[in-house]
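Here the structure is laid out as structure tokens; the discussion comes afterwards.
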């Protein structure tokens with residue numbers, strides 16, 4: 001069997017070698033051909049650093065420079081919160097002229113409902129010198145000074161589609177008056193034409209403005225006859241040449257090189273065959289030890305054409321760097337009244353940036369090596385992840401700043417903990433459908449993290465934020481760890497929050513993705529019961545909510561576990577779903593990690609519970625001598641660790657419980 005497999009592998013590799021050699025001798029490199037300039041039908045030709053998905057390969061462009069084609073056949077640049085139509089590109093001066101796509105889509109002269117404040121990714125784009133700010137105002141009072149109305153905008157729209165005034169920011173007097181008399185305003189970048197007023201606003205916005213860009217220099221490659229590209233895996237610029245890729249420019253081919261290559265292709269078969277045999281043996285012997293290059297490496301490597309430090313200029317790992325002063329102003333000098341929360345690593349403040357965005361600013365306690373490590377860890381992880389249920393990172397201060405500050409999107413509706421057993425719980429308890437949705441969206445976020453080889457390590461209701469629609473945003477990645485896909489666990493000193501920490505992790509110092517599953521099991525019990533994870537007012541053996549839940553579930557005392565406001569006693573559908581969720585929580589809280597489900601399985605079960613399709617988990621409903629948890633069979637001889645017959649080593653109840661110092665543990669991951 002092995003000989004046959006080896007022969008097939010050899011044959012495949014030999015054919016591949018011959019194809020590659022013949023390509024080299026007879027035609028151009030495929031990457032050189034793939035990166036020919038393209039266009040959307042209208043507008044400029046697109047080449048490095050830009051690329052068009054579907055028309056060009058990703059390696060033909062620089063990261064962050066993707067353009068899409070609009071329905072009208074023009075290239076469109078997607079920036080945070082806005083889309084801009086690209087009118088022209090100057091590759092020599094590294095500039096492009098753009099205008100807001102909302103202008104294109106406007107249905108009436110002067111009405112631009114889609115105009116929003118513009119935020120540039122400062123690591124890649126910047127405004128040219130002749131760009132000024134045009135403020136559009138709406139909902140202005142009729143008592144506004146008469147001379148202010150000479151800046152009126154003609155518009156037939158209503159409500160949010162209507163703009164009353166348009167004033168250049170440089171006209172400070174009128175701008176300040178308008179800010180006092182109008183409820184709403186946005187800032188649109190436009191080209192400064194030297195006039196005191198914008199005149200025809202429609203025309204000014206359609207004229208657009210010029211952006212500069214920062215990316216690897218392509219000029220040497222183009223002058224040598226190559227086409228520029230980028231290897232995102234190793235984060236290096238490449239010059240794709242007719243023969244093969246080079247690092248900076250194409251090199252002249254020697255006169256007899258083609259003849260030599262052709263001769264090699266014809267006469268080197270024996271050598272190639274021997275090489276194939278060697279390669280196939282290595283593949284067979286080591287196939288289980290092949291490591292994929294993790295996507296984080298793309299962000300920690302650096303382009304040789306840039307500085308070697310990952311913190312350069314105005315960006316850090318590709319996100320903007322804010323000055324300490326700017327964030328101090330945004331929070332009113334870190335006014336105590338703006339404090340949103342206070343955790344073990346820092347306080348979080350509500351702030352408002354100069355561009356009008358509301359943000360949450362985390363202020364890390366101290367400024368020592370450990371804090372800098374957590375600061376960098378959170379940035380590295382969040383800049384690599386994109387999921388609708390993970391909080392977005394807007395920027396940070398320099399790690400050399402006098403204080404370490406992280407700037408996040410502001411999530412206005414507090415934490416799940418606030419709504420379950422905090423101040424918000426007294427006003428309006430969460431309904432069962434909302435709790436079910438919170439469970440599913442949190443599970444979705446954690447499953448995504450685990451697929452990305454990230455262990456959150458601090459899953460708790462205080463780290464699950466809710467927006468005004470009660471959609472989930474999982475936050476706080478300061479303790480998160482990368483767990484390479486070829487290892488079973490990471491050895492590290494236990495960290496996390498008492499009541500949520502995996503007992504096996506606490507006992508054996510082995511962190512796995514199943515540690516997050518245990519913590520999520522505690523979150524499920526909180527959603528069911530509205531009780532906190534640790535409460536010293538409860539009896540000693542039930543201070544820890546996980547202990548309390550396991551005891552109640554084993555006794556079938558669901559009515560003693562569930563929040564009475566959910567309707568367990570009188571709503572059959574709530575009773576069905578909550579009982580099934582309790583059973584799932586029981587599985588997540590198993591002492592041995594092997595007996596816990598994966599987050600993928602947890603997510604699947606939750607979705608099936610909500611849709612009413614969890615019957616496959618309820619095969620045993622009739623009489624049996626087995627121990628059952630509401631219809632789910634648990635045999636005394638099963639490997640499942642039923643905790644009624646043994647001492648349950650639960651998560652620590654408090655920080656005063658025995659915790660091993662990190663100085664006594666050698667971590668296998670830095």
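The values are calculated or read from the model by the stated rules, or taken from the named source; none is laboratory data. Note that the structure is predicted; figures quoted are calculated from it, not measured. Positions of Cβ are generated from backbone atoms using ideal geometry, with glycine treated the same way; all protein chains shown enter the neighbour counts.
Quick look at the numbers
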| read-out | value |
| --- | --- |
| Residue match in the range 393-410 (condition: at pLDDT 90 or above and part of a loop (DSSP other than H, G, I, E, B)) | yes |
| Tally of residues being surrounded by fewer than 16 Cβ atoms within 10 Å (Cβ to Cβ) and in contact (Cβ under 8 Å) with a residue 24 or more places away in the chain across the range 536-553 | 1 |
| Of the criteria (1) modelled with pLDDT of 90 or more; (2) out of contact with any helix residue (DSSP H, G or I) (no Cβ under 8 Å at 6 or more places or on another chain); (3) crowded, with 16+ Cβ neighbours inside 10 Å, which one residue 48 fails | (2) |
| Residue match in the range 87-102 (condition: in contact with a strand residue (DSSP E or B) (Cβ under 7 Å, 6 or more places away or on another chain), modelled with pLDDT under 85 and surrounded by fewer than 16 Cβ atoms within 10 Å (Cβ to Cβ)) | no |
| Residue count, the range 458-473 (criterion: touching a helix residue (DSSP H, G or I) at 6+ places or on another chain (Cβ under 7 Å) and surrounded by 22 or more Cβ atoms within 10 Å (Cβ to Cβ)) | 6 |
| Extreme residue, modelled with the highest pLDDT, among residues of the range 123-148 that are outside any strand (DSSP E or B) and buried (at least 17 other Cβ atoms within 10 Å of the Cβ) | 124 |
| Checking residue 425 against (1) out of contact with any strand residue (DSSP E or B) (no Cβ under 8 Å at 6 or more places or on another chain); (2) at pLDDT 90 or above; (3) in a helix (DSSP H, G or I), the condition it does not meet | (2) |
| Selection from the range 430-458 of residues that are assigned to a loop (DSSP other than H, G, I, E, B) and in contact with a strand residue (DSSP E or B) (Cβ under 8 Å, 6 or more places away or on another chain) | 453, 456, 457 |
| Residues that are under 13 Å from residue 32 (Cα atoms) and not in a strand (DSSP E or B), drawn from the range 225-248 | 225, 226, 241, 242, 243, 244 |
| Check on residue 454, surrounded by 18 or more Cβ atoms within 10 Å (Cβ to Cβ) and modelled with pLDDT under 90 | yes |
